[in-house]
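The values are calculated or read from the model by the stated rules, or taken from the named source; none is laboratory data. Quick caveat: nothing in here was measured; it's all calculated off a predicted structure. Here the Cβ positions follow ideal geometry from the backbone for every residue, glycine too, while neighbour counts run over all protein chains shown. Side chains included, ligands, DNA and RNA excluded: accessible areas come from the protein's heavy atoms. Shrake-Rupley method; radii C 1.70, N 1.55, O 1.52, S 1.80 Å.
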Amino acid sequence: MKTIKRKKETAAILPYAVSKEPVDFSIETAGPAHILWINEICEVTLLSAIARGTGISGRSPELLMEKMKKGEAVIAFTADGRWAGFSFISSWENGRYVSNSGLIVAPDFRHTGLAKKIKRKIFELSIQKYPNAKIFSLTTGLAVMKMNHELGFEPVTYSELPSDEEFWDNCKTCVNCPILKSKNRKNCLCTAMLYDPKNIQI
């Protein structure tokens, strides 16, 4: 696939200039019109992984393009049109499981509460598209764990995650993959959290 050219150059990412003023965001389901932002999303995700020194599996531009075309991603912008954040979903085992993945916020808008808003939006999209699926998240980040807990996710063992080999192949680009392999995929540095709609009291 040829590199996707954006209409404007990517802004310098380091050092991070965290916004101190309140910012209004719009978060919507991503579509074909948002494909021009893919390179920036991939770049910011990679730099975030390097800066944190934690495990973030790589996401190819082709994968993100597919998610946007299928309406299986959300994207955030500021009121003046700047890209601010992104996340996507994937289904496994014929829709039995759905993963919430790739949550990233542009450096300028971290610590604004945007990550929490994106997390809720991608969670709602997951339920809308796969109402009977178990929704899960793998993360090393305490902030994401807290957001998951607020949405009804509970910590689980890896045995409760999909057995789909394609799912586990996504971990190959993570720096922690050797640990996962050494544990025979029974655990790793990531915490597994699961939302099961059958457990929700009505």
Handout entry: Test result for residue 173, at negative phi, modelled with pLDDT under 90, out of contact with any Asp or Glu (no Cβ under 7 Å at 6 or more places or on another chain) and of a type in the set (Val, Ile, Thr)
Key = yes
Problem - Residue identified as polar (S, T, N, Q) and touching a residue at least 24 places away in the same chain (Cβ under 8 Å) among 184, 170 - result: 170
Fill in the blank from the handout: Checked segment 118-131 for anything open to solvent by 60 Å² or more (accessible area, probe 1.4 Å) and part of a helix (DSSP H, G or I); matches are 120, 121, 124, 127, 128, 129
Practice task
Hey, can you tell me all the residues within segment 151-162 that are assigned to a strand (DSSP E or B) and open to solvent by 80 Å² or more (accessible area, probe 1.4 Å)?
Solution key: 154, 155
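Every residue, every condition in (1) open to solvent by less than 80 Å² (accessible area, probe 1.4 Å); (2) within 22 Å of residue 60 (Cα to Cα), yes or no:
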{"site": "98", "(1), (2)": "yes, yes"}
{"site": "104", "(1), (2)": "yes, yes"}
{"site": "107", "(1), (2)": "yes, yes"}
{"site": "116", "(1), (2)": "no, no"}
{"site": "133", "(1), (2)": "yes, no"}
{"site": "164", "(1), (2)": "yes, yes"}
{"site": "171", "(1), (2)": "yes, yes"}
{"site": "179", "(1), (2)": "yes, no"}
Practice task
For segment 133-150, enumerate the residues that are in a loop (DSSP other than H, G, I, E, B) and at pLDDT 95 or above.
Solution key: 133
Problem - Test set (1) over 18 Å from residue 104 (Cα atoms); (2) touching a residue at least 12 places away in the same chain (Cβ under 8 Å); (3) out of contact with any helix residue (DSSP H, G or I) (no Cβ under 6 Å at 6 or more places or on another chain) - residue 135 fails condition number - result: (3)
